[in-house]
Amino acid sequence: MTAPVKHIWAALLVVYVVWGSTYFGIKIVVETMPPLLAAGSRFLTAALLLTGILAWRGTSLRITRAELGASAIAGGLLLGLGVGVVHIAETRIDSSVAAMIAGTVPLQIIVLRLLAAESPARATRLSTLAGLAGLGLVVVPGLGNGSTALGLAVMISSTIAWSTGSFLSKRLPLPRNPFVATAWEMALGGSFLMLGALAFGEYGELGSDAFALDSVLAWTYLVVMGSLVGFSAYAWLLRVAPISLVVTHQYVNPLVAISLGMLFLGERPSPWSLAGALVVVAAVYVAIRAEFPRKTRRASVVPRGTPEGQTA
């Protein structure tokens, strides 16, 4: 599958800005809305919208039983225990801190690869150790406060779920069409979150104050931009762009989130947290360069069928 380079960079810009801003949006939403209910309804609504678009384009949504099971595992880990639990974490920690912790996901995946007896490059292993040390710098300032410490633990668990889901996704028999897979994962992940909201009694917390204008606007943004546009752009990029380029969002998103939190939410991360964030970003950068040598990256940016050096 080929695509003009300018389209690839446009999609990357969407993932950079939109996914970086979702931490800001989640923080606003959970100020009034129950977290699991907000997350579950967000993904179910996005799934319905994407399903409607696919049906309008004549794309079949039928999948096999094996694909359904795989979608349930991926949706549960990535969107249920992953993104959904971020909503809980942000009731106790700043959006910028949540984004800093999320920036360690590529490094966690490298740890999973080591546990699976894979052999990443030495620079990759060393950068992983440095990045996890950076995570320690992000987390330590909040350990003295019980509520904050719990939020940090919840956020770390959500990133572990996302890392595990990402690692397993390449090994699961998911639907071949990435948009069909995304629709099913959002529908199933959203359903799990709605059941969780029911189990924790969140439906009883829905009052008129839950639907404050700021929260409703932020929730709508998360549905349309964060879930529908963001996930679709990411799924498309995985098909047409080199993975080394796609995963660069992991060290851009935290920077976007930190900037938005400081500008609009009055968040002031501690110097230790900011230093840890820089260590994490640098470690991810080194790991990506170690995994994908420069020559490979330069060649793979050119769409298939286009001679190297020729602009699309």
* **Condition met for MET225 (touching a Gly at 6+ places or on another chain (Cβ under 7 Å) and of a type outside the set (Val, Ile, Thr))** => no
* Asked: Of all residues in the range 136-180, how many are surrounded by fewer than 16 Cβ atoms within 10 Å (Cβ to Cβ) and either of a type in the set (Ser, Thr, Tyr) or in contact with a Pro (Cβ under 9 Å, 6 or more places away or on another chain) (or both)?
  -> 2
* Structure fact -> The condition of being surrounded by 21 or more Cβ atoms within 10 Å (Cβ to Cβ) and within 26 Å of GLN108 (Cβ to Cβ) holds, among MET186, MET225, only for MET186
* Here are ALA74, ALA70, ALA89: which of them is more than 25 Å from LEU274 (Cβ to Cβ), at pLDDT 90 or above, in contact with a Ser or Thr (Cβ under 7 Å, 6 or more places away or on another chain) and buried (at least 22 other Cβ atoms within 10 Å of the Cβ)? -> ALA74
* Asked: Name the helices (runs of 4 or more DSSP H) wholly within the range 169-271 that hold at least 1 residues that are of a type in the set (Ser, Thr, Tyr) and farther than 24 Å from MET33 by Cα?
  -> 178-199, 230-240, 243-246, 249-264
* Sort out which residues of the range 211-222 are crowded, with 17+ Cβ neighbours inside 10 Å and of a type in the set (A, V, I, L, M, F, W, C), and write them in order of number. => ALA218, TRP219, LEU222
* So how many residues does the range 22-54 have that are polar (S, T, N, Q), surrounded by fewer than 22 Cβ atoms within 10 Å (Cβ to Cβ) and either touching a His at 6+ places or on another chain (Cβ under 8 Å) or part of a helix (DSSP H, G or I) (or both)? -> 3
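Residues are listed down the side, and each one gets a yes or a no for (1) surrounded by 20 or more Cβ atoms within 10 Å (Cβ to Cβ); (2) at pLDDT below 80; (3) in contact with a helix residue (DSSP H, G or I) (Cβ under 9 Å, 6 or more places away or on another chain):
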residue	(1), (2), (3)
GLY230	yes, no, yes
LEU238	no, yes, yes
LEU245	no, yes, yes
THR248	no, yes, yes
VAL252	no, no, yes
GLY261	yes, no, yes
PHE264	no, no, yes
* Index of the failed condition, THR306 passing every other in (1) modelled with pLDDT of 90 or more; (2) more than 24 Å from VAL14 (Cα to Cα); (3) of a type outside the set (D, E, K, R); (4) surrounded by fewer than 17 Cβ atoms within 10 Å (Cβ to Cβ) -> (1)
* Structure fact -> SER60 fails exactly one of (1) surrounded by 23 or more Cβ atoms within 10 Å (Cβ to Cβ); (2) not in a helix (DSSP H, G or I), namely (1)
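The values are calculated or read from the model by the stated rules, or taken from the named source; none is laboratory data. What you see is a predicted model; the values in this text were computed from it and never measured. All Cβ positions, glycine included, derive from the backbone under ideal geometry; neighbour counts span all protein chains shown.
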